[in-house]
Amino acid sequence: MSATLAPKLSFSRVKTGGDIDYAALQKQLSAFQIEKLKMFFKVFFDANGDGVIDEKDFMILNETLRKLAGWDVNSDEYNRLVDNNSVFFECLLDQVKVEQFLDKEGLENRTWEEAFKPSKVVVKSVTLNQWLNMWAKLCSGASGVNDFPIWVQLLPQVMFSVQQGKNKLDHISKDCLRHFYENFSGVKGADLGKLTDEGYNTMTANGDYELNMDNYNLLFSNFMLGRTIYGPGKFLFGCFDNSDLHKKYEVIFE
């Protein structure tokens, strides 16, 4: 994967790619947010590439992250990772189930008998369309990680602990970041060194701050909520549009 994301995606069409309504999404998310969330779905969570997030994906993801962090299968760190991911997945399914129920048309015309019938909605996986619509609603009005549900706040904890790996310090070092970029994001060659330098310098204000858990939460908030390429949160993965590294700042009118 190159350090510069290509090609640029177009969201001008109303319906495309599995009936995803990009026009509706862009009322709540910017094109760059949609791009990030699609990558988050496809590269991080849809581990087997079948187009949905389900239990099988988390089994693969847990093992991938364990190897990346260098943890033993019986380690406390790995067991905590598995527990956190299990909670996140269950809550993700519950959230999608709620959204699916709320989006049903004609609920206002139900009889009392219909209203009290047991729900037959069963959700075992999450599609990209459901994923994007869920985040559009969760991000609406949010200004930081603490505005997200508790189960969402598990994500930066998991990501931080994996990138920290066996580093006994309480922060992510530059070497840890390089290791993550290379072995998870797939950045190679000359791009790897350049992106590591730029990412680490940006996320630590040129070394003035450590990349600790508190600062990582702020970066995660920017990753989820940042509407343009001009923000440090995109460097959590290091594989988005980094064209701002070699061109002048562009004023964006919305």
For region 29-57, pairs from a residue that is under 25 Å from SER143 (Cα atoms) and modelled with pLDDT of 90 or more to a residue that is surrounded by 18 or more Cβ atoms within 10 Å (Cβ to Cβ) and small (Gly, Ala, Ser), with Cβ under 7 Å and 6 or more apart or across chains, are LEU29/ALA136
| message | Quick check on LYS137: is it closer than 28 Å to VAL87 by Cβ, part of a helix (DSSP H, G or I) and at pLDDT below 95? | response | yes
If we take region 12-98, then helices (runs of 4 or more DSSP H) inside it with 1 or more residues that are touching a Cys at 6+ places or on another chain (Cβ under 9 Å) are 31-39
Per the filter on region 40-92, residues of a type in the set (Val, Ile, Thr), out of contact with any strand residue (DSSP E or B) (no Cβ under 7 Å at 6 or more places or on another chain) and more than 14 Å from SER161 (Cα to Cα) are VAL43, ILE60, VAL73, VAL87
Condition met for PHE235 (at pLDDT below 95, surrounded by 15 or more Cβ atoms within 10 Å (Cβ to Cβ), among the aromatic types (Phe, Trp, Tyr) and more than 19 Å from GLN33 (Cα to Cα)):
no
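The values are calculated or read from the model by the stated rules, or taken from the named source; none is laboratory data. For clarity, every value in this text was computed on a predicted model and none was experimentally measured. Glycine gets a Cβ as well: all are built from the backbone with ideal geometry, and neighbour counts include every protein chain shown.
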